[in-house]
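**Q** Right, I'll just put the structure down here and ask away after.
The values are calculated or read from the model by the stated rules, or taken from the named source; none is laboratory data. This is a predicted model, so every value here is computed, not measured. When we count neighbours, we look across all protein chains shown, and the Cβ atoms used for this are built from the backbone with ideal geometry, even at glycine.
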Amino acid sequence: MPSPRRTGFYGKDIDAKRASDIGLVNSLHGESAEEVYAAALALANEIAANSPSPYKERRLFSRHEGRTVDEGLDFVARWNTMYLASNDLREAMTAFLERRPPVFRGD
């Protein structure tokens, strides 16, 4: 395992446990490549099971970087109106009520 790096204003060492404790990393997964790969695959499957709509939203938000606050708020209001009417949101609510996993289509 590589040695911890000196970081921050105080030059203190931050090892994996400390990084996890203070929220610099989301999780820790053993030291073997197999354990890390299994954790990465589980996370990828979790992400893939979600609706693709939020990822489209993130792309759209990045296009509005550098705009005024009013322009950004107007955009968010219009986007939320479109998103709330999505079939994926409807599917999420129905699946929750029916106690089943949702099947998202990205619309």
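**Q** Which numbered condition in (1) outside any helix (DSSP H, G or I); (2) surrounded by 10 or more Cβ atoms within 10 Å (Cβ to Cβ); (3) modelled with pLDDT of 75 or more is the only one that Arg100 fails?
**A** Answer for Arg100: the failing condition is (2).
**Q** OK, next. Hey, can you tell me all the residues within the range 35-61 that are at pLDDT 70 or above, out of contact with any Ser or Thr (no Cβ under 9 Å at 6 or more places or on another chain) and farther than 23 Å from Arg100 by Cβ?
**A** Correct list: Glu35, Val36, Tyr37, Ala38, Ala40, Leu41.
**Q** Same structure, new question: Could you list, in sequence order, the residues of the range 65-97 that are loosely packed, with under 14 Cβ neighbours inside 10 Å and among the aliphatic types (A, V, I, L, M)?
**A** Val69, Leu73, Ala77, Met82, Leu84, Ala85, Met93, Leu97, listed by residue number.
**Q** Mind listing just one residue for me: the one in the range 62-97 that is farther than 26 Å from Ala49 by Cα and β-branched (Val, Ile, Thr) and, of those, modelled with the highest pLDDT?
**A** Thr68
**Q** Could I ask something else about it? Considering only residues of the range 9-53 that are among the β-branched types (Val, Ile, Thr) and over 30 Å from Phe104 (Cβ atoms), which is surrounded by the fewest Cβ atoms within 10 Å (Cβ to Cβ)?
**A** Ranking the candidates gives Ile22 first.
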